[in-house]
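The values are calculated or read from the model by the stated rules, or taken from the named source; none is laboratory data. The model shown is predicted, which means the values in this text are computed figures rather than measured ones. For neighbour counting, all protein chains shown are included, and Cβ atoms are generated from backbone atoms with ideal geometry for every residue, glycine included.
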Amino acid sequence: GHPVCECNGCYGGTDCSELSPECAADANSGDPVYLEPFWIQNAADTAVVISGWHRMSYDYVDNTMMSIELENHIRQLHSVAGNAVTEGRYMVFGVGSSQLLSAAVYALSSETASSPSKVLASAPFYSIYKDQTVFFNSENFQFEGDANSWESSDFTNNMDVVEFVTSPNNPDGELKKSVLGGKTIYDHAYYWPEFTPIPGPSDEDLMIFTLSKLTGHAGTRFGWAIIKDKNVYEKVLKYIYLADMGISKDTQLRVLKILKVANQEDGKPFFEFAYNKMRERWERLTSVFSKSTRFSIQQRHPLHCNFFHETRLPSPAYAWVKCEREEDDDCGAVLKARKIIGSSGITFSAEARYTRLSLIKSQDDFELLLQRLTELVSHENGCI
Ligand code: PMP
């Protein structure tokens with residue numbers, strides 16, 4: 001007979017292929033596992049083995065503790081993707097981009113001004129900007145909320161304003177620009193061809209990128225900042241040095257292995273795989289939402305993409321769902337009642353009428369999400 005197995009979570013039946021009707025689609029987290037199949041195809045080329053005696057040293061080279069070979073591969077990847085100017089720019093590695101976000105706030109806020117620098121972001125925005133700024137509770141900076149509720153003329157000195165600009169934005173995928181015109185931190189976590197057309201290389205003063213959303217290796221905890229100004233660079237470096245004495249060498253070696261593969265054939269196999277996956281998910285998602293009047297998702301606008309040499313739609317990491325009916329002012333609760341778990345608009349300093357759904361989880365998670373969304377819209381249309 002067959003061995004008796006426990007089916008995993010949502011599945012049942014003799015061969016574990018039947019989806020339980022009770023099972024909710026969890027689209028809450030931004031865990032970017034959707035590229036796992038690509039890395040399975042490249043398993044041997046991206047494997048890392050490190051012997052016990054290897055890479056033991058702190059390795060203080062110039063006090064930066066950064067691999068020059070890795071830095072060169074990152075510069076090459078930017079030139080391949082056409083998404084950022086790196087010539088003549090400084091680079092600092094961080095433990096994920098999360099650490100660099102707070103290093104950047106430290107580096108850009110004034111240590112001498114009589115009042116703290118004002119840190120802002122335009123809503124809807126990724127909540128960590130606020131949470132970190134409040135948590136680190138410095139005399140030099142203070143979180144002031146939504147940049148849209150201020151005018152540049154509200155500030156006596158624009159240089160004491162530090163604005164987070166997330167482009168493409170988490171949660172809605174918009175290619176944002178600064179609204180206040182002071183100092184900026186460009187969070188470019190999603191500025192890669194799989195998520196957005198690349199209209200040209202970003203040339204901002206301080207840009208932050210992360211391996212997490214580029215290749216999906218969020219657990220490796222690796223990000224980098226590209227910085228124009230030498231003083232700002234030195235302050236970011238000082239922050240990383242004091243916080244961690246640099247970034248894990250094991251991590252840097254793994255990132256190098258991964259980026260070497262991403263860089264192969266001018267990035268074509270990697271970015272094509274990633275974009276095709278996102279594009280297919282968006283095609284299926286928009287087809288479901290096109291049948292709904294109760295729920296809508298963000299409008300997408302075509303742009304020329306310098307990487308794919310074509311005009312194309314964005315394929316953002318998240319769907320930003322709006323509940324259109326007056327009475328559905330808690331959209332998260334409406335979806336949850338139909339077994340769909342998202343993150344409430346409140347998390348992003350927006351209204352609860354919005355919910356973010358992650359589209360970058362595994363294929364199984366996406367299939368379950370699409371199934372629950374299809375049921376949701378069929379129910380709206382009286383079919384179930
Ligand atoms: N910035 C944005 C806009 C994000 O969405 C995320 C992850 N959700 C991060 C930064 C942080 O990512 P990490 O620390 O893994 O680089």
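Taking the criterion of being in contact with a Pro (Cβ under 9 Å, 6 or more places away or on another chain) and at pLDDT below 95, the only residue of the stretch 110-137 that qualifies is Ser110. Residues in the stretch 215-235 that are under 12 Å from Arg89 (Cβ atoms) and either within 7 Å of the ligand (Cβ to nearest atom) or not in a strand (DSSP E or B) (or both): Lys228, Asp229, Lys230, Val232, Tyr233. Of note, Ile240 satisfies the criterion of being within 15 Å of the ligand (Cβ to nearest atom) and over 19 Å from the mean Cα position of the chain (by Cα).
Against the conditions (1) without any contact (Cβ under 8 Å) to a residue 60 or more places away in the chain; (2) more than 16 Å from the ligand (Cβ to nearest atom), Thr184 satisfies every one except (2).
For the residues Ser153, Ser167, Ser110, the requirement of being more than 13 Å from the ligand (Cβ to nearest atom) and touching a strand residue (DSSP E or B) at 6+ places or on another chain (Cβ under 9 Å) singles out Ser110.
From the list Ser149, Ser110, Ser127, the one residue that fits, being surrounded by fewer than 16 Cβ atoms within 10 Å (Cβ to Cβ) and either closer than 27 Å to Pro199 by Cβ or not assigned by TED's automatic domain parsing to the domain that holds Arg300 (or both), is Ser149. For the stretch 168-217, filtered to residues that are more than 13 Å from Ala317 (Cα to Cα) and among the basic types (Lys, Arg), the residue that is farthest from the chain's Cα centre (by Cα) is Lys183. Checking the stated criteria, Thr196 turns out to be touching a residue at least 60 places away in the same chain (Cβ under 8 Å), among the β-branched types (Val, Ile, Thr) and more than 12 Å from the ligand (Cβ to nearest atom).
Contact map, the stretch 32-60: first residue within 21 Å of His217 (Cβ to Cβ), second residue among the aliphatic types (A, V, I, L, M) and in a loop (DSSP other than H, G, I, E, B), Cβ cut-off under 8 Å, separation 6 or more or different chains; pairs are Pro32/Ala317; Pro32/Ile360; Val33/Ile360; Tyr34/Leu359; Tyr34/Ile360. Give the stretch 33-72 a look and list any residue that's within 16 Å of the ligand (Cβ to nearest atom) and either among the aromatic types (Phe, Trp, Tyr) or modelled with pLDDT under 95 (or both), or say none. Matches in the stretch 33-72: Tyr34 only. Listed by position, the strands (runs of 3 or more DSSP E) contained in the stretch 276-350 that have at least 3 residues being buried (at least 18 other Cβ atoms within 10 Å of the Cβ) are 318-323. The sole residue among Asn83, Asn157, Asn140 that is in contact with a Gly (Cβ under 9 Å, 6 or more places away or on another chain) and at pLDDT below 95 is Asn157.
Residue selection: Thr355 satisfies the criterion of being in contact with a helix residue (DSSP H, G or I) (Cβ under 6 Å, 6 or more places away or on another chain), in a strand (DSSP E or B) and not assigned by TED's automatic domain parsing to the domain that holds Phe195.
Check the stretch 369-378 and report whether any residue there is assigned to a helix (DSSP H, G or I), touching a strand residue (DSSP E or B) at 6+ places or on another chain (Cβ under 6 Å) and at pLDDT 95 or above. Within the stretch 369-378 (the criterion being assigned to a helix (DSSP H, G or I), touching a strand residue (DSSP E or B) at 6+ places or on another chain (Cβ under 6 Å) and at pLDDT 95 or above), the answer is yes, since at least one residue qualifies.
Per this entry, Ser212 is counted among residues that are in the same structural domain as Lys257 (by TED's automatic domain parsing), modelled with pLDDT of 95 or more and within 11 Å of the ligand (Cβ to nearest atom).
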